[in-house]
Amino acid sequence: MQQIVYADVLFVINMFITYGMLRLVGIICRSEKRHLLTVLSSFLSGLYSLIIITPGVSDFAIILSRIPVCILLVFISFRIFNVLHFVRLFSCFFMVNFLFAGIMFALWYLFSPKGMYYNNGIVYFNINIDMLAVLICVCYVFTLLLNKFISFRTPVNTLYEIEIFYENKSV
């Protein structure tokens, strides 16, 4: 049985998923918020997700293109200070992607929810626009609560004075 994939739904779902993952990376890495550029990056990710329905594109080509696309998404979304900072952001983005992909694969493998398709690391949900709007609102509220919880537990602008002693000298 051939499955019908609607390009607009595929685009929107992957755009919102990527936005959520990029925001989570920003929270984890305590990186500066660049909302408009994160939206642009998510938009590009949504466009990229359409590659799975493009005729004649091999799975190998998709796999090869994934790293450069992720590099571009991170580069657009975050202010990069140096190479180490970029590697940290990129690694975190990859870990968040792996976590999400693992959760989606487990959900698909264990429960096979009707209307959920998982192809080559790209998730597709065949849901109506009302349900999508509700889920987006729920995810947004969850992200805000998670951000408040993380911010509450770990103060960002805290300064500590440290004195180091070495061979009767202190700094």
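The values are calculated or read from the model by the stated rules, or taken from the named source; none is laboratory data. What you see is a predicted model, and the numbers here were worked out from it, not measured in a lab. Backbone-built Cβ (ideal geometry, glycine too); neighbour counts: all protein chains shown. Only protein heavy atoms, including side chains, enter the accessible area calculation; ligands, DNA and RNA are left aside. Shrake-Rupley method; radii C 1.70, N 1.55, O 1.52, S 1.80 Å.
Ordering Y19, Y160 by accessible surface, largest first, gives Y160, Y19; the 1.4 Å probe counts only protein heavy atoms, with every chain in place.
Ordered by 1.4 Å accessible area with all protein chains kept, Y48, Y6 run largest first as Y6, Y48. The C-alpha radius of gyration of region 4-119, expressed as a fraction of 2.2 N^0.38 Å, stands at 1.10.
In summary, the lysines within cross-link reach of K148, defined as a Cα separation below 23 angstrom excluding same-chain residues under 8 places away, comprise K33. Using heavy atoms of the protein chains and a probe of 1.4 Å, the accessible area assigned to M21 is about 20 Å². When each of the peptides 7-15, 66-74 is scored by the mean number of other C-beta atoms lying within 10 Å of its residues, the order from highest to lowest reads 7-15, 66-74. Per residue, the accessible area of region 1-59 comes to 57 Å² when a 1.4 Å probe rolls over the protein heavy atoms.
For region 22-105, what % of the accessible area comes from carbon and sulfur atoms, probe 1.4 Å? Summing carbon and sulfur atoms, their accessible area is 77 percent of the total for region 22-105.
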